[in-house]
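First comes the structure, then the notes that go with it.
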Amino acid sequence: MAGIVVVFDFDKTIIDLDSDNWVVDELGATDLFDTLLPIMPWNSLMDRMMTELHSQGKTIDHIAEVLKRVPVHVVPAIRAAHALGCDLRIVSDANTFFIDTILDHLGIRECFSEINTNPCLVDEEGRLRNFAIHNFYKSSDGCNLCPPNMCKGIIMERIQASLISEGKKKKFVYLGDGSGDYCPSLKLGEGDFVMPRKNLPLWDLIRQNPLVTKSEIQEWSDGEELARMLLNLINTISMAENAQFLSPQNMIVPVYEALPSSTSKPTVLVN
Ligand SMILES: [Mg+2]
Ligand SMILES: [Zn+2]
């Protein structure tokens with residue numbers, strides 16, 4: 001079972017909704033957010049919104065409190081996948097503070113071997129500052145499919161390359177919903193799986209040209225369905241792996257060699 005890497009988007013995938021919108025809406029700053037959205041990059045806008053909330057007396061604790069109320073339906077599935085030996089990772093355009101706060105609250109932070117997202121810090125005034133994982137004022141990531149601050153495809157390629165360099169042959173499962181999840185989906189190969197959330201941008205983009213990815217496509221609608229399908233998929237992949245190891249072709253020689261010399265016929269113990 002150690003042969004499966006599951007890469008999750010975070011917003012609208014692990015959690016049911018978008019964490020940025022949730023915090024802004026719950027803390028009553030939706031109007032300003034909507035006014036600035038057409039004229040600012042998302043990541044810079046969230047930094048501006050955190051400053052705005054701070055000036056209104058909303059503290060880090062208020063933000064954390066709101067994040068802990070985010071609806072999530074995939075916690076048992078994540079625990080089960082981790083317990084089965086899958087390598088779970090997150091690639092998200094949210095930020096470290098939001099993701100860590102939610103995962104710590106749910107008690108599943110340690111299920112993930114890696115979280116790739118935008119860095120955050122709390123400054124000396126107690127204000128949350130958001131930064132881009134790539135500094136797009138100095139250098140864009142150069143990908144025309146992705147927002148300027150983050151190309152998830154580059155991150156996927158780095159994960160794939162590091163596993164190959166360790167000599168590990170893995171199957172990938174990628175779960176996501178947004179247009180930013182399209183680029184990493186294109187990096188998947190034969191035998192991998194992409195799981196787009198139905199009726200959202202990633203699903204639309206893949207549906208326009210399903211042949212664009214060599215991976216198998218499995219769509220899902222909500223957290224309950226995601227959880228069920230992911231565990232089914234992990235079971236299916238691992239049963240196929242086990243069947244390969246235990247196939248009669250693989251068993252005849254070792255079983256025959258292990259038998260006492262007086263035995264005249266090879267015995268196949270499996271099947
Ligand atoms: Mg998302
Ligand atoms: Zn990209």
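The values are calculated or read from the model by the stated rules, or taken from the named source; none is laboratory data. Please read these numbers as outputs of a predicted model, since none were measured by experiment. Glycine gets a Cβ as well: all are built from the backbone with ideal geometry, and neighbour counts include every protein chain shown.
When you scan the stretch 183-191, do you find a residue that is part of a strand (DSSP E or B) and either on the phi < 0 side of the Ramachandran plot or touching a strand residue (DSSP E or B) at 6+ places or on another chain (Cβ under 6 Å) (or both), even just one? Spell out the reasoning first.
So in the stretch 183-191, the residues part of a strand (DSSP E or B) come out as none.
No, the stretch 183-191 contains no residue that is part of a strand (DSSP E or B) and either on the phi < 0 side of the Ramachandran plot or touching a strand residue (DSSP E or B) at 6+ places or on another chain (Cβ under 6 Å) (or both).
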Scan the stretch 118-135 residue by residue and report those that are of a type in the set (S, T, N, Q), over 14 Å from CYS146 (Cβ atoms) and in a strand (DSSP E or B). ASN130
If you take the residues of the stretch 155-177 that are within 20 Å of THR117 (Cα to Cα) and touching a Gly at 6+ places or on another chain (Cβ under 9 Å), which of them is farthest from ligand 1 (Cβ to nearest atom)? GLN160
Hits in the stretch 192-209 (condition: touching a strand residue (DSSP E or B) at 6+ places or on another chain (Cβ under 6 Å) and either in a loop (DSSP other than H, G, I, E, B) or at pLDDT below 95 (or both)): ASP192
Residue pairs, Cβ under 9 Å, 6 or more apart or interchain, first in the stretch 57-72 and in contact (Cβ under 8 Å) with a residue 60 or more places away in the chain and within 10 Å of THR101 (Cα to Cα), second assigned to a loop (DSSP other than H, G, I, E, B) and not basic (Lys, Arg). List them. ILE63/LEU27
Sole exception among (1) under 17 Å from ILE15 (Cα atoms); (2) in a strand (DSSP E or B); (3) among the polar types (S, T, N, Q) for THR101, by number: (2)
Restricting the first residue to the stretch 120-134 and requiring it to be among the β-branched types (Val, Ile, Thr), which pairs with a second residue that is assigned to a strand (DSSP E or B) meet a Cβ separation below 8 Å and a spacing of at least six or different chains? VAL122/LEU128; VAL122/ARG129; ILE133/ASN116; ILE133/THR117; ILE133/ASN118
